[in-house]
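First the structure, in the form of structure tokens, and then the observations on it.
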Amino acid sequence: MSKVVKGIAASDGIGIAEAYLLVDPDLSFDKKKIEDTDAEYQRVDKAFADSIDELNKIKENAKDRLGDDELAVFDAHIAILSDPEMKKQIQQEIEGQKITAEQATTDVMDMFSDTLAAMKDNQYMQERAADVKDVEKRALSHLLGKQLPNIAAIDKPVVIVAHEITPSDTSQMDKKFVKGMVTDLGGRTSHAAIMSRTLRIPAIVGSENITSSVKSGQQIIVDGLNGDAIVDPSDDEVDEYQKKAADFEKERAEWAKMVDAPSKSKDGKDFEIAANIGTPDDVVDAVKQGADGVGLFRSEFLYMGSDHMPTEDEQFEAYKKAVVGMKGKPVVVRTLDIGGDKPLDYLPLPKEMNPFLGYRAIRISLHDPEKIFKPQLRALIRASEFGPISIMFPMIGTLAELRAAKKVYNECVEELQKDHPGIGKNVKIGMMIEVPLAAINADKMAEEVDFFSIGTNDLIQYNFAADRGNDAVSYLYQPLNPAFLGLINHVIKAAHRHNTKAAMCGEMAGDELALPLLMGMGLDEYSMSATSILRTRSMMSKLDTKDCAALVEKALDMDTQEDVEKLVKDSLN
Ligand code: PEP
Ligand code: MG
């Protein structure tokens with residue numbers, strides 16, 4: 001009998017393959033005394049040799065996909081396993097204490113990693129401590145005959161099943177083998193969900209218990225359209241979903257016809273549909289999907305994909321690559337939005353009770369502008385020589401923050417203009433609207449920027465006081481709640497009163513039911529995962545803005561999100 005596990009549909013499409021559990025096996029062992037110390041040490045020797053073989057294989061497998069920095073991690077782990085001093089100490093422990101290979105390996109490697117971790121001011125050593133811990137896990141898995149999951153080693157079609165999936169997991173995997181992803185944690189706007197859409201992998205998040213409902217190797221269907229994961233499906237179910245997948249592909253082929261079409265309503269009003277990207281390489285897909293531009297380049301992914309703070313020159317190259325790749329179409333780069341659920345290994349941030357309400361984004365940039373903010377702004381201004389770049393600031397709450405950010409920007413322009421007269425003159429400056437106060441104060445804010453980009457993922461989380469990554473409160477993700485729609489309408493109208501462009505780059509911009517309402521409010525630009533662009537453009541071409549405006553009138557008068565959902569659905573049928 002098949003079993004259906006329900007979650008939140010996070011990325012369109014159907015995937016069918018065997019499950020690959022990205023969950024660490026139980027590596028506990030019994031403490032006991034042994035007699036044959038030689039044989040015990042032989043086990044360590046073999047486990048280390050097998051670990052080295054395994055790392056070499058993974059590295060070989062991943063070498064076309066990973067950068068030098070990421071590949072170097074494998075070498076660092078191999079070096080630890082090859083350290084004669086470490087092995088000698090393990091051998092002495094076994095002989096002296098008559099303890100098992102597992103116990104001696106754990107004792108000695110824990111001691112090494114604790115010593116390194118104690119060097120509090122030395123970040124390099126702290127990172128090495130984490131490496132030793134990783135290696136210890138691998139050696140133990142070989143001693144205990146258990147398989148550690150390894151996303152970089154996947155070389156056949158699978159559905160990844162995990163508690164949660166991090167950007168570093170997605171950067172290591174070979175997309176052609178990953179047919180779907182299902183996680184216990186996450187909401188529709190958690191970053192794992194956003195990544196799955198960028199990668200075009202059918203995905204379900206927030207299922208709560210998928211990791212305890214399926215074993216590695218069991219067949220699983222991911223229905224990313226409805227949020228159902230079917231474990232151990234019957235032949236009939238497989239047939240049914242294969243048909244559903246084929247229908248979805250047909251629909252996709254229909255949308256594909258819109259790739260060179262303008263983003264226009266049925267009554268001929270022009271809009272822009274842009275792509276959200278995380279790395280300069282994503283522009284290839286954005287262009288393929290017919291994006292009118294990039295409406296959100298989440299620059300923090302450049303930082304998260306690196307093992308050091310990217311230098312001004314490294315960033316310049318990345319922004320230049322993105323803008324050149326877009327071939328004259330505008331690229332909006334958001335300055336670093338780190339903190340919250342996006343940590344940076346090499347920038348340790350204080351532990352906080354409420355990271356989403358804490359030290360993040362522009363608050364970090366403005367804390368010590370010389371350190372992070374200025375190199376980023378300089379790189380962006382320099383890249384603007386190669387195509388139209390706009391810069392926007394994340395998490396602005398007050399006018400003072402906006403002015404402080406603009407002041408640093410203006411200082412950078414002045415400094416650069418000393419050697420490059422005129423540089424930066426075409427850069428447009430905007431801000432994200434994701435803090436409720438900024439939305440309320442939109443009239444004043446609009447006077448001081450060229451554009452707004454409404455970040456509904458955070459704006460909803462902060463307005464409804466509901467953590468966007470917590471599936472227990474995901475019912476409060478209510479983009480169509482009439483009170484929230486009123487706020488969005490206020491922001492758009494305030495922007496237009498001051499000749500400021502109104503864009504949206506949160507997930508709501510690609511939401512089918514929100515589209516008629518946003519068009520009715522006059523939103524100018526819709527920025528979304530590249531995979532949603534053609535569907536949105538196709539739908540837009542069938543909607544009349546006058547009908548949409550009338551729909552907004554009605555929606556704003558309603559009481560609940562369900563009322564509005566029904567109103568929009570009825571209008572579309
Ligand atoms: C948002 O908050 O809506 C947004 C687009 O930013 P992010 O999802 O990266 O927080
Ligand atoms: Mg945000």
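Go through the residues of the stretch 279-289 one by one and say whether even a single one is in the same structural domain as Pro375 (by TED's automatic domain parsing) and farther than 17 Å from Leu199 by Cβ. Step through it out loud before you land on a result.
We begin by selecting, within the stretch 279-289, every residue in the same structural domain as Pro375 (by TED's automatic domain parsing); these are 279-289.
With the extra rule that they be farther than 17 Å from Leu199 by Cβ, the set shrinks to none.
No, the stretch 279-289 has no match at all.
Among the listed residues Asp69, Asp155, which satisfies the condition of being at pLDDT below 95, open to solvent by 20 Å² or more (accessible area, probe 1.4 Å) and either out of contact with any His (no Cβ under 9 Å at 6 or more places or on another chain) or within 30 Å of Ile204 (Cα to Cα) (or both)? Quick ask: steps written out before the conclusion?
Values: Asp69 fails: either out of contact with any His (no Cβ under 9 Å at 6 or more places or on another chain) or within 30 Å of Ile204 (Cα to Cα) (or both).
Testing whether each residue is at pLDDT below 95, open to solvent by 20 Å² or more (accessible area, probe 1.4 Å) and either out of contact with any His (no Cβ under 9 Å at 6 or more places or on another chain) or within 30 Å of Ile204 (Cα to Cα) (or both) leaves just Asp155.
Could you look through the stretch 266-282, keep only residues that are over 28 Å from the mean Cα position of the chain (by Cα) and touching a residue at least 24 places away in the same chain (Cβ under 8 Å), and pick out the one that is least open to solvent (accessible area, probe 1.4 Å)? Quick ask: steps written out before the conclusion?
So the first thing to find is which residues in the stretch 266-282 are over 28 Å from the mean Cα position of the chain (by Cα), and the list is 266-270.
Retained after the next criterion (residues that are touching a residue at least 24 places away in the same chain (Cβ under 8 Å)): 266-267, 269.
On the way: Lys266: 145, Asp267: 60, Lys269: 87 Å².
Taking the candidates together, the pick is Asp267.
Tell me which of these Asn481 doesn't satisfy, since it passes every other one: (1) of a type outside the set (Lys, Arg); (2) more than 14 Å from ligand 2 (Cβ to nearest atom); (3) over 24 Å from Asp524 (Cβ atoms).
In the conditions (1) of a type outside the set (Lys, Arg); (2) more than 14 Å from ligand 2 (Cβ to nearest atom); (3) over 24 Å from Asp524 (Cβ atoms), Asn481 misses (3) alone.
Cβ-Cβ under 8 Å, sequence separation 6+ or interchain: first residue in the stretch 402-419 and within 11 Å of Arg378 (Cβ to Cβ), partner among the charged types (D, E, K, R) and part of a helix (DSSP H, G or I). Which pairs?
Going by the 8 Å Cβ cut-off, the qualifying pairs are Val408/Lys374; Glu411/Lys374; Cys412/Lys374; Cys412/Arg378; Glu415/Arg378; Leu416/Arg378; Leu416/Arg382.
Assess whether Ser263 counts as being open to solvent by less than 20 Å² (accessible area, probe 1.4 Å) and either within 30 Å of Ser541 (Cβ to Cβ) or not small (Gly, Ala, Ser) (or both).
Values: open to solvent by less than 20 Å² (accessible area, probe 1.4 Å): yes; either within 30 Å of Ser541 (Cβ to Cβ) or not small (Gly, Ala, Ser) (or both): yes.
Yes.
May I ask you to list the residues in the stretch 405-450 that are open to solvent by 20 Å² or more (accessible area, probe 1.4 Å), hydrophobic (A, V, I, L, M, F, W, C) and within 16 Å of ligand 1 (Cβ to nearest atom)?
Across the stretch 405-450, the qualifying residues are Val435, Leu437.
Under 9 Å between Cβ atoms, at least 6 apart or on separate chains: pull out the pairs that start in the stretch 478-505 with a residue that is assigned by TED's automatic domain parsing to the domain that holds Val449 and of a type in the set (Phe, Trp, Tyr) and end on any residue that is in a loop (DSSP other than H, G, I, E, B) and crowded, with 19+ Cβ neighbours inside 10 Å.
Qualifying pairs under 9 Å: Phe484/Gln478.
Only one of these conditions is not met by Leu144: (1) open to solvent by less than 40 Å² (accessible area, probe 1.4 Å); (2) in contact (Cβ under 8 Å) with a residue 60 or more places away in the chain; (3) among the hydrophobic types (A, V, I, L, M, F, W, C). Which number is it?
Here Leu144 meets the rest and fails (1).
Considering Gln461, Gln478, which residue is assigned to a loop (DSSP other than H, G, I, E, B), within 24 Å of Ser190 (Cβ to Cβ) and within 27 Å of the chain's Cα centre (by Cα)? It would help to see each step written out before you state the result.
Values: Gln461 fails: assigned to a loop (DSSP other than H, G, I, E, B).
Just a single option satisfies the conditions, and that option is Gln478.
What do you reckon, is Ala62 surrounded by 14 or more Cβ atoms within 10 Å (Cβ to Cβ), in contact with a strand residue (DSSP E or B) (Cβ under 9 Å, 6 or more places away or on another chain) and touching a residue at least 24 places away in the same chain (Cβ under 8 Å)?
Working: surrounded by 14 or more Cβ atoms within 10 Å (Cβ to Cβ): yes; in contact with a strand residue (DSSP E or B) (Cβ under 9 Å, 6 or more places away or on another chain): no; touching a residue at least 24 places away in the same chain (Cβ under 8 Å): yes.
Considered against the rule, which asks whether it is surrounded by 14 or more Cβ atoms within 10 Å (Cβ to Cβ), in contact with a strand residue (DSSP E or B) (Cβ under 9 Å, 6 or more places away or on another chain) and touching a residue at least 24 places away in the same chain (Cβ under 8 Å), Ala62 comes out as no.
Provide a single number: the residues in the stretch 341-357 that are in contact with a His (Cβ under 9 Å, 6 or more places away or on another chain) and either buried (at least 20 other Cβ atoms within 10 Å of the Cβ) or not in a loop (DSSP other than H, G, I, E, B) (or both). Please lay out each step first, then the result.
We begin by selecting, within the stretch 341-357, every residue in contact with a His (Cβ under 9 Å, 6 or more places away or on another chain); these are 341-342, 346.
Next cut, either buried (at least 20 other Cβ atoms within 10 Å of the Cβ) or not in a loop (DSSP other than H, G, I, E, B) (or both) only: 342.
Here the count works out to 1.
Against the conditions (1) open to solvent by less than 30 Å² (accessible area, probe 1.4 Å); (2) of a type in the set (A, V, I, L, M); (3) away from ligand 2 (no atom under 16 Å from the Cβ), where does Val324 fall short? Just the number, please.
The number of the failed condition is (1).
Out of the residues in the stretch 374-396 that are more than 20 Å from Pro310 (Cα to Cα) and open to solvent by less than 10 Å² (accessible area, probe 1.4 Å), which is farthest from ligand 1 (Cβ to nearest atom)?
Filtering the stretch 374-396 for residues that are more than 20 Å from Pro310 (Cα to Cα) and open to solvent by less than 10 Å² (accessible area, probe 1.4 Å), the one farthest from ligand 1 (Cβ to nearest atom) comes out as Ile396.
Residue check: is Lys327 away from ligand 1 (no atom under 14 Å from the Cβ), on the phi > 0 side of the Ramachandran plot and part of a loop (DSSP other than H, G, I, E, B)?
Details: away from ligand 1 (no atom under 14 Å from the Cβ): yes; on the phi > 0 side of the Ramachandran plot: yes; part of a loop (DSSP other than H, G, I, E, B): yes.
When the stated conditions are applied, Lys327 passes them.
Among the residues of the stretch 358-373, is there at least one that is touching a Cys at 6+ places or on another chain (Cβ under 6 Å), open to solvent by less than 10 Å² (accessible area, probe 1.4 Å), more than 14 Å from ligand 1 (Cβ to nearest atom) and not in a strand (DSSP E or B)?
Step one: of the stretch 358-373, the residues touching a Cys at 6+ places or on another chain (Cβ under 6 Å) are none.
Within the stretch 358-373, none of the residues are touching a Cys at 6+ places or on another chain (Cβ under 6 Å), open to solvent by less than 10 Å² (accessible area, probe 1.4 Å), more than 14 Å from ligand 1 (Cβ to nearest atom) and not in a strand (DSSP E or B).
What's the number of the only condition in (1) open to solvent by 20 Å² or more (accessible area, probe 1.4 Å); (2) out of contact with any Gly (no Cβ under 6 Å at 6 or more places or on another chain) that Asp471 fails to meet?
Asp471 satisfies all of (1) open to solvent by 20 Å² or more (accessible area, probe 1.4 Å); (2) out of contact with any Gly (no Cβ under 6 Å at 6 or more places or on another chain) except (2).
Given Ala253, Ala245, Ala229, Ala203, which one is among the hydrophobic types (A, V, I, L, M, F, W, C) and without any contact (Cβ under 8 Å) to a residue 24 or more places away in the chain?
Exactly one residue qualifies, and that residue is Ala253.
How many residues does the stretch 180-224 hold that are of a type in the set (S, T, N, Q), in contact with a strand residue (DSSP E or B) (Cβ under 7 Å, 6 or more places away or on another chain) and within 16 Å of ligand 1 (Cβ to nearest atom)?
Looking only at that region, the number is 3.
Residue check, Asp228 against (1) crowded, with 17+ Cβ neighbours inside 10 Å; (2) among the acidic types (Asp, Glu); (3) within 30 Å of Met432 (Cβ to Cβ), all met but one. Which one?
Only one criterion is unmet by Asp228, namely (3).
Give just the number: which of (1) over 13 Å from Asp341 (Cα atoms); (2) modelled with pLDDT of 80 or more does Ser168 not satisfy?
Among (1) over 13 Å from Asp341 (Cα atoms); (2) modelled with pLDDT of 80 or more, Ser168 violates only (2).
Right, Leu459: modelled with pLDDT of 95 or more, open to solvent by 20 Å² or more (accessible area, probe 1.4 Å) and within 16 Å of ligand 2 (Cβ to nearest atom) or not? Break it down stepwise before answering.
Details: modelled with pLDDT of 95 or more: yes; open to solvent by 20 Å² or more (accessible area, probe 1.4 Å): no; within 16 Å of ligand 2 (Cβ to nearest atom): yes.
Considered against the rule, which asks whether it is modelled with pLDDT of 95 or more, open to solvent by 20 Å² or more (accessible area, probe 1.4 Å) and within 16 Å of ligand 2 (Cβ to nearest atom), Leu459 comes out as no.
Looking only at the stretch 290-319, count how many residues are more than 25 Å from Leu347 (Cα to Cα) and either surrounded by fewer than 24 Cβ atoms within 10 Å (Cβ to Cβ) or outside the structural domain of Ile364 (by TED's automatic domain parsing) (or both). If you could, list the steps in order and put the result at the bottom.
Our first condition is that a residue be more than 25 Å from Leu347 (Cα to Cα); within the stretch 290-319, this holds for 290-295.
With the extra rule that they be either surrounded by fewer than 24 Cβ atoms within 10 Å (Cβ to Cβ) or outside the structural domain of Ile364 (by TED's automatic domain parsing) (or both), the set shrinks to 290, 292-293.
Matching residues across the stretch 290-319 total 3.
The values are calculated or read from the model by the stated rules, or taken from the named source; none is laboratory data. What you are looking at is a predicted structure, and each value in this text was computed from that prediction instead of being measured. Glycine also receives a Cβ, built like all others from the backbone with ideal geometry; neighbour counts cover every protein chain displayed. Protein only, heavy atoms only, side chains kept; ligands, DNA and RNA dropped before computing areas. Shrake-Rupley method; radii C 1.70, N 1.55, O 1.52, S 1.80 Å.
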